[in-house]
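Working notes, structure below.
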């Protein structure tokens with residue numbers, strides 16, 4: 001067996017980045033930028049007012065106060081989004097201005113409306129105004145030529161807004177990986193089947209399809225491969241055009257586990273077969289040309305944990321993502337945890353809370369690898385290395401935040 005860290009190094013060393021494509025920026029959410037995106041305009045586009053008020057020359061208010069206000073004539077008005085008649089402000093003049101409107105020539109400050117009164121074409125100013133006050137300078141947020149999104153960045157809602165504000169209608173992003181998914185086993189049946197003894201409803205395939213979508217892939221469900229070498233090979237052959245193939249079950253050492261034999265006969269190179277972890281020991285990685293194969297365990301929790309640890313970073317790396325790691329933090333364990341001394345890293349489903357700024361964690365309850373509810377409840381994995389056989393209440397432990405964006 002190899003360690004989880006060794007397994008992920010092997011996997012990532014066999015990743016080929018997918019080609020890029022151009023999409024409308026509104027369709028880029030959650031995708032990975034395939035290039036640096038450079039601002040072609042300043043944001044703001046021009047010097048503009050941060051307040052409704054009056055554009056002035058700041059030095060004209062040097063003596064202004066509530067007891068001795070300054071009175072200036074109002075010689076015009078500037079509205080946001082309206083092409084203005086050009087006005088140049090001179091000393092002891094003002095222009096009525098709205099938030100976002102261009103600053104008139106000659107003005108070097110804006111006094112907010114709340115510090116003024118206006119009557120008969122004149123504005124009375126009740127305080128001293130500093131030069132530059134309430135003016136947003138062109139390029140204050142973004143300067144033309146700035147890199148606003150670096151290659152390998154996942155597009156977030158804020159970045160979509162940034163793309164819109166900088167007038168980027170199309171963006172170049174990595175193509176979505178095509179991921180073929182198949183379940184295995186004579187006992188596996190689709191949801192909706194009438195339940196009877198010996199039947200197991202197929203949940204893994206649908207969990208995996210959802211995970212593939214969450215991490216930017218396009219899932220294609222092949223179906224259920226029954227327990228024979230020919231059935232396993234037939235199902236895999238249907239999936240060979242995919243970028244990634246994921247199977248669930250059939251990779252242990254049982255009499256009716258045929259997936260490893262099937263991939264070898266189809267020309268895949270087997271690189272990982274057993275990983276020193278719990279859950280997820282029987283986890284397989286192989287490749288044939290540019291197609292990656294992940295054989296995940298059949299137990300629901302093992303399958304999902306293996307996906308998060310190995311398939312997820314592989315999918316992101318295929319898309320050129322620069323951030324692959326879920327964050328790991330320290331938390332105070334709120335209960336004792338005892339584990340077997342089996343030489344494996346244990347990933348225990350946990351629920352993380354923050355109390356008075358301190359991270360605390362407790363388990364989701366029973367940790368059997370078939371208890372899918374434990375994954376539904378969990379927001380983290382408590383990581384116990386091979387030499388950590390017991391955790392006492394109050395001990396610090398490492399926890400991986402499985403719902404947090406990659407860092």
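The numbers here are math on the coordinates, done by the rules we state, and not lab data. All values derive from a computational prediction rather than experimental measurement. Using ideal geometry, Cβ is built from the backbone for each residue, glycine included, and neighbour counts are taken over all protein chains shown.
What percent do you get for the relative contact order of segment 328-401 when only Cα pairs under 8 Å and 6+ apart count?
Details: 153 pairs, mean separation 36.0, N = 74.
It rounds to 49 percent for segment 328-401.
Residue separation times 0.36 nm, minus the C-alpha to C-alpha distance between residue 150 and residue 130: what's the value?
Details: separation 20, 0.36 × 20 = 7.20 nm, distance 3.73 nm.
Full-extension gain reported as 3.5 nm.
Cα gyration tensor of segment 328-401, axes a ≥ b ≥ c as square roots of the eigenvalues: rounded (a/c below 1.5), prolate (a/b > b/c) or oblate? Please report the intermediate quantities before stating the final value.
Numbers: a/c = 1.81, a/b = 1.16, b/c = 1.55.
Because a/c hits 1.5 or more and a/b fails to exceed b/c, segment 328-401 counts as oblate.
Each label point is 7 Å from the Cα along the Cα-to-Cβ direction; what then is the distance between the points at residue 396 and residue 29, in nm?
Each label point lies 7 Å from its Cα, and together they span 3.9 nm.
Quick check: residue separation of residue 17 and residue 255 times 0.36 nm, minus the Cα distance between them. What number comes out in nm?
Details: separation 238, 0.36 × 238 = 85.68 nm, distance 3.72 nm.
Extra length available between residue 17 and residue 255 comes to 82.0 nm.
Where does the chain land at 222 nm, in deg cm²/dmol rounded to the nearest 500, when only DSSP H runs of n ≥ 4 count, each adding -39500 (n - 2.57), divided by all residues?
On the way: 8 runs with 66 residues, N = 407.
Here the helix-only value at 222 nm equals -4500 deg cm²/dmol.
Express in whole angstrom the spacing between the alpha-carbon centres of segment 69-87 and segment 189-232.
The distance from the Cα centre of segment 69-87 to that of segment 189-232 comes to 68 Å.
Roughly how many whole Å is it from the C-alpha centroid of segment 1-38 to that of segment 254-281?
25
Which entry is the computed Rg/Rh (Cα atoms, Kirkwood Rh) for this structure: [x] 0.97; [y] 1.03; [z] 1.20?
Step by step, Rg/Rh (Cα atoms, Kirkwood Rh) for this structure corresponds to label [z].
Remind me, relative contact order of segment 48-136 in percent, using alpha carbon pairs under 8 angstrom and six or more residues apart?
Details: 237 pairs, mean separation 39.8, N = 89.
Relative contact order, segment 48-136: 45 percent.
When only C-alpha pairs under 8 Å and at least 6 residues apart count, what is the relative contact order of the chain, in percent?
Details: 954 pairs, mean separation 67.2, N = 407.
The value is 16 percent.
Note the direction-averaged projected area, equal to a quarter of the hull surface, for the Cα convex hull of segment 48-136, in nm². Intermediate results must be reported in sequence, preceding the final value.
Values: hull surface 19.4 nm².
Orientation-averaged projected area of the Cα hull: 4.9 nm².
Using 7 Å Cα-to-Cβ label points, what is the residue 65/residue 240 separation (nm, one decimal)?
Output for this residue pair reads 9.0 nm.
Could you identify which residue out of 364, 26, 116 has the top mean-square fluctuation in a GNM of the chain using Cα springs shorter than 10 Å?
Highest fluctuation among the options: 116.
Considering only DSSP beta bridges with both partners in the chain, what is the antiparallel share in %, to the nearest 5? Intermediate values should be presented prior to the final figure.
Numbers: 58 of 86 bridges.
Of those bridges, close to 65 percent are antiparallel.
What nm value, rounded to one decimal, do you get for the distance between residue 218 and residue 269 when each label is placed 7 Å out toward the C-beta?
Distance between label points: 2.8 nm.
Kindly provide the pair-distance distribution of segment 261-301 built from C-alpha pairs, with 5 Å bins from 0 and whole-percent values in order of increasing distance.
6, 24, 30, 20, 14, 7, 0
Determine, from the Cβ-Cβ distance of residue 403 and residue 83 and an R0 of 45 Å, the FRET efficiency 1/(1 + (r/R0)^6), rounded to the nearest 0.05.
Details: r = 48 Å, r/R0 = 1.08.
The formula returns an efficiency of 0.40 here.
Fully extended, how many nm does the chain gain between residue 169 and residue 289 (0.36 nm per residue separation, minus their Cα-Cα distance)?
Values: separation 120, 0.36 × 120 = 43.20 nm, distance 3.56 nm.
That works out to 39.6 nm of additional length.
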